[in-house]
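K.L.:
Questions regarding the structure given below will be posed in turn.
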Amino acid sequence: MTVAAGVGYVLIALGPALSLLASVIAKKPFLILTLLSSTLFWLISLIILAGAWRAFLPVKSTELWPYSILILTSVGFQEGIRIGFWRLFKKMEDMLNAFADRVSKPRLFLTDKMLLALAGGLGHGLAHAVFFCLSLLTPAFGPATFYVDKCPSIPFFLISAIIALGFVIIHTFSMVIAFNGYTEGKRKDQIFVPFAHLIAALITLINLVPGGCNIGLPLLCIMAGTTLYYSWQLVWRRLTEHQTTRSSD
Amino acid sequence: MPPPDDPPSTTTAATKTSIIDSLGVEIVGVMSPVSICMLLVVLILTSLSSPSTTSSTSPPPVTAATLIYVESDSDSPSHKLLGAVLDAAAFVALIAAATFVLVLLYYYNFTSFLKNYLRFSVFFVLFSMGGSIMASLLQHFSIPLDAPTSFILLFNFAILGVLSVFSPAVPILLRQSYMVSVAVIVAVWFARLPEWTTWVLLIALALYDLAAVLCPHGPLRILVELASSRDEELPALVYEARPADSSHPVSPPASTPVASLGSVEMQPVSEASNSNSSSVDEEERSPLVSSPPVVRENLSNFNHEQVRESNNSNHAVVEMETGESETLPLVEREGFRSSSNSDSEFEMFDSTRGIRLGLGDFVFYSVLVGRAAMYDLMTVYACYLAIISGLGCTLILLSVFRHALPALPISITLGVIFYFLTRLLMEPFVVGASTNLVMF
């Protein structure tokens with residue numbers, strides 16, 4: 001609608017991400033590098049997906065089933081990539097620990113590992129927000145606004161900003177959960193992450209139904225809140241366990 | 001013997017220095033000015049090109065890059081491609097000739113001529129090219145600034161730029177800002193070239209850079225070897241990513257005055273040891289640090305040499321760092337011996353080596369991103385990520401190979417690949433999904 005509205009939409013989508021960036025990530029240059037590489041990773045996975053789906057695009061109809069296949073394949077691929085990302089992360093951790101031994105500095109703390117997972121997840125979330133929301137926001141800086149047919153009550157830019165916000169939170173914290181789950185070997189955490197991602201993506205399918213966005217948006221926010229809560233519980237538990245094991249030495 | 005990973009339980013983890021706190025400072029120190037330059041170029045281009053230039057199909061400026069063929073919309077793609085290739089070949093030939101002239105002049109010690117030519121060209125860029133950009137911005141945003149005031153402001157800006165580019169006494173932050181502004185102005189000017197010409201030119205320049213720096217008789221390689229054999233600064237406009245001050249929260253406050261001296265300290269000694277091994281460094285540093293083998297390892301990991309790259313034909317010139325700057329580090333170094341805090345010295349040597357990146361690289365990265373911005377924002381982000389990752393790869397290779405490396409090829413190749421992949425593959429996929437509000 002105006003520059004103010006455009007900036008407002010950007011801040012809705014990226015507000016928590018920017019505050020995480022400013023308070024946690026910007027202080028340690030290594031986390032910035034981790035963020036950039038995980039963003040690149042997500043971009044490459046998106047390009048591969050787009051390449052695989054190129055022959056079937058554009059999807060002419062707005063039926064549910066082509067989009068659901070799209071979502072199933074995309075989420076499955078991305079979750080598979082996450083395991084690969086975790087393997088890379090383990091290798092990097094080993095390299096960092098070897099380097100730390102060489103210069104006789106302490107090895108990676110638990111908080112360091114969690115910070116690295118957070119930076120990786122935030123990279124994925126930022127990439128999602130940028131490619132799915134921000135790149136379409138350019139008209140929002142102009143004099144008008146836009147409504148999608150299926151959702152005549154909320155401007156398109158606002159919906160995509162809120163969806164992007166939800167997904168930023170989901171991506172960021174599910175990376176923390178996933179890394180902890182793979183490190184500790186807990187099945188529950190490992191299953192939670194792909195599940196949450198899949199459910200959140202399927203919720204956005206509701207937006208294809210006329211008037212569906214009124215239901216889809218709150219559900220997505222609930223999903224994001226669930227992921228946040230789960231990761232909070234997990235991190236709390238791990239930190240208190242770590243504290244007690246350390247103080248009992 | 002278990003590694004010392006359990007800090008005493010009395011201190012919290014926040015006050016303990018961890019390994020990831022200071023790793024990667026130099027890389028981020030180079031990436032941030034590149035990012036800022038790209039951001040400014042994208043902002044200027046998008047704000048200047050919105051309403052007016054789409055309607056006016058004014059002929060593109062007659063430049064060295066459009067000597068042979070000027071692209072117009074009515075030509076067939078093959079004709080455009082052929083014309084673009086010819087243009088790019090002519091431009092690269094021109095740059096190669098200019099670089100050879102520069103090498104000759106440097107070889108015969110015409111350094112003061114080169115220095116004055118560089119001053120003139122910086123003034124020209126800042127005053128006239130920067131002035132025209134300023135005029136279009138003032139016009140576009142209807143800023144009420146009268147002509148004499150803007151002339152005086154512009155003149156002051158340009159003169160300060162000329163002074164800051166060459167004098168070692170100017171604060172490093174000012175010099176870095178002027179380097180970035182020169183790069184922004186030149187990149188905005190270059191981005192006005194027609195589309196096919198721009199892409200072919202970028203690829204041709206990446207290939208030229210590869211040849212000029214790595215081939216045994218490439219002009220830039222000769223230049224680097226001449227400069228290192230004379231123990232002088234390289235005669236070019238380079239951006240030095242020195243830390244302006246010690247802003248790490250983990251370094252103890254006692255090291256701050258020591259660290260600020262370090263920003264002067266790191267400079268010419270590294271050049272002296274450019275072609276030799278680090279034996280000179282180790283001797284000079286070992287009395288200052290408690291554990292020499294540790295520092296040696298650290299230096300070998302973080303010992304980034306300079307990255308000397310291709311330059312714009314307008315800007316291939318001399319940077320004047322004469323012998324007097326070489327005495328400064330010896331003077332300042334006395335201050336180090338009194339500081340016995342080995343932690344601060346570790347932080348110090350962690351950040352002493354500054355990476356240097358030629359201004360031509362800034363310009364052509366920004367040209368690529370600016371051209372991507374003329375299509376869509378999605379391609380801008382994809383190209384930005386590609387360039388930054390290419391730059392990261394180049395820096396890693398730099399720490400492995402330890403001599404001057406071309407910074408253009410990897411980044412430009414990745415940038416071009418990602419631009420076309422995004423434009424052709426990703427855009428229909430993502431836009432189709434997100435306009436139907438289906439996201440994952």
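The values are calculated or read from the model by the stated rules, or taken from the named source; none is laboratory data. Since this is a predicted model, take the numbers as computed values, not measurements. All Cβ positions, glycine included, derive from the backbone under ideal geometry; neighbour counts span all protein chains shown.
K.L.:
Whether any residue in the stretch A:82-98 is over 17 Å from A:Phe132 (Cα atoms), part of a helix (DSSP H, G or I), of a type outside the set (Asp, Glu) and facing chain B (nearest Cβ under 7 Å) is what I want to check.
P.N.:
Yes; the residues of the stretch A:82-98 include at least one that is over 17 Å from A:Phe132 (Cα atoms), part of a helix (DSSP H, G or I), of a type outside the set (Asp, Glu) and facing chain B (nearest Cβ under 7 Å).
K.L.:
Is it fair to say B:Pro7 is at pLDDT below 85, closer than 19 Å to B:Ile185 by Cβ and part of a loop (DSSP other than H, G, I, E, B)?
P.N.:
No: the conditions fail for B:Pro7.
K.L.:
Taking into account only those residues within the stretch B:346-359 that are touching a helix residue (DSSP H, G or I) at 6+ places or on another chain (Cβ under 7 Å) and farther than 19 Å from B:Gly392 by Cβ, which is modelled with the lowest pLDDT?
P.N.:
Within the stretch B:346-359, the first condition is being touching a helix residue (DSSP H, G or I) at 6+ places or on another chain (Cβ under 7 Å), and the residues that meet it are B:347-355, B:357, B:359.
Filter once more, keeping what is farther than 19 Å from B:Gly392 by Cβ: B:347-349, B:352, B:359.
On the way: B:Glu347: 37, B:Met348: 36, B:Phe349: 33, B:Thr352: 43, B:Leu359: 90.
In this case the residue turns out to be B:Phe349.
K.L.:
For the stretch A:38-58, which residues satisfy the criterion of being within 7 Å of chain B (Cβ to nearest Cβ) and of a type outside the set (A, V, I, L, M, F, W, C)?
P.N.:
A:Thr39, A:Gly51, A:Arg54, A:Pro58 - these are the residues of the stretch A:38-58 that are within 7 Å of chain B (Cβ to nearest Cβ) and of a type outside the set (A, V, I, L, M, F, W, C).
K.L.:
Here is a further query. Here are B:Ile95, B:Ile133, B:Ile143: which of them is out of contact with any Pro (no Cβ under 8 Å at 6 or more places or on another chain) and surrounded by fewer than 15 Cβ atoms within 10 Å (Cβ to Cβ)? Break it down stepwise before answering.
P.N.:
Numbers: B:Ile95 fails: surrounded by fewer than 15 Cβ atoms within 10 Å (Cβ to Cβ); B:Ile133 fails: surrounded by fewer than 15 Cβ atoms within 10 Å (Cβ to Cβ).
None of the others qualify; the one that does is B:Ile143.
K.L.:
Then there's this: Taking B:Leu437 as the residue in question, decide whether it is at positive phi, facing another protein chain (nearest Cβ under 7 Å) and free of Cβ contacts under 8 Å to residues at least 40 places away in the same chain.
P.N.:
yes
K.L.:
With (1) in a loop (DSSP other than H, G, I, E, B); (2) surrounded by fewer than 19 Cβ atoms within 10 Å (Cβ to Cβ) as the list, and B:Leu163 as the residue in question, which single condition is left unmet?
P.N.:
Just one mismatch for B:Leu163, condition (1).
K.L.:
Could you tell me whether any residue of the stretch B:392-408 is modelled with pLDDT under 80, part of a helix (DSSP H, G or I) and touching a His at 6+ places or on another chain (Cβ under 9 Å)?
P.N.:
Taking every residue of the stretch B:392-408 in turn, none turns out to be modelled with pLDDT under 80, part of a helix (DSSP H, G or I) and touching a His at 6+ places or on another chain (Cβ under 9 Å).
K.L.:
Just to verify a result, which residue in the stretch A:222-248, among those that are within 14 Å of another protein chain (Cβ to nearest Cβ) and under 16 Å from the mean Cα position of the chain (by Cα), is surrounded by the most Cβ atoms within 10 Å (Cβ to Cβ)?
P.N.:
A:Ala224
K.L.:
Return the only residue of A:Asp94, A:Asp112 being surrounded by 16 or more Cβ atoms within 10 Å (Cβ to Cβ) and acidic (Asp, Glu). Let's see the steps before the verdict.
P.N.:
Values: A:Asp94 fails: surrounded by 16 or more Cβ atoms within 10 Å (Cβ to Cβ).
Residue meeting the stated conditions: A:Asp112.
K.L.:
(1) more than 10 Å from every other protein chain (Cβ to nearest Cβ); (2) touching a residue at least 24 places away in the same chain (Cβ under 8 Å): which one isn't true of A:Lys188, the others all being true?
P.N.:
(2)
K.L.:
Considering each of A:Ala140, A:Ala127 in turn, give the residue that is surrounded by 21 or more Cβ atoms within 10 Å (Cβ to Cβ), of a type outside the set (Phe, Trp, Tyr), over 15 Å from A:Phe179 (Cβ atoms) and facing chain B (nearest Cβ under 10 Å).
P.N.:
A:Ala127
The rows are residues; the columns are (1) within 21 Å of B:Phe364 (Cβ to Cβ); (2) touching a residue at least 60 places away in the same chain (Cβ under 8 Å).
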position	(1), (2)
B:Ser74	no, no
B:Gly83	yes, yes
B:Leu86	yes, no
B:Leu105	no, no
B:Tyr108	no, no
B:Leu114	no, yes
B:Val125	yes, yes
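K.L.:
Check whether at least one residue in the stretch B:361-371 is within 13 Å of another protein chain (Cβ to nearest Cβ) and part of a helix (DSSP H, G or I), and report yes or no. Show your work before the answer.
P.N.:
At the first step, the residues of the stretch B:361-371 found to be within 13 Å of another protein chain (Cβ to nearest Cβ) are none.
No: zero hits.
K.L.:
Still on this structure, please answer the following. For the stretch B:111-120, indicate whether the set of residues that are out of contact with any Gly (no Cβ under 6 Å at 6 or more places or on another chain), of a type in the set (S, T, N, Q) and at pLDDT 90 or above is non-empty.
P.N.:
no
K.L.:
Count, please, the residues in the stretch A:142-185 that happen to be closer than 28 Å to A:Glu241 by Cα, free of Cβ contacts under 8 Å to residues at least 60 places away in the same chain and either among the aliphatic types (A, V, I, L, M) or not in a helix (DSSP H, G or I) (or both).
P.N.:
3
K.L.:
Same structure, new question: Give the residue, chosen from A:Val75, A:Val24, A:Val10, that is among the aliphatic types (A, V, I, L, M), part of a helix (DSSP H, G or I) and touching a His at 6+ places or on another chain (Cβ under 7 Å).
P.N.:
A:Val75
K.L.:
For the stretch A:177-195: of the residues being surrounded by fewer than 20 Cβ atoms within 10 Å (Cβ to Cβ) and hydrophobic (A, V, I, L, M, F, W, C), which is farthest from the chain's Cα centre (by Cα)?
P.N.:
Result: A:Ile191.
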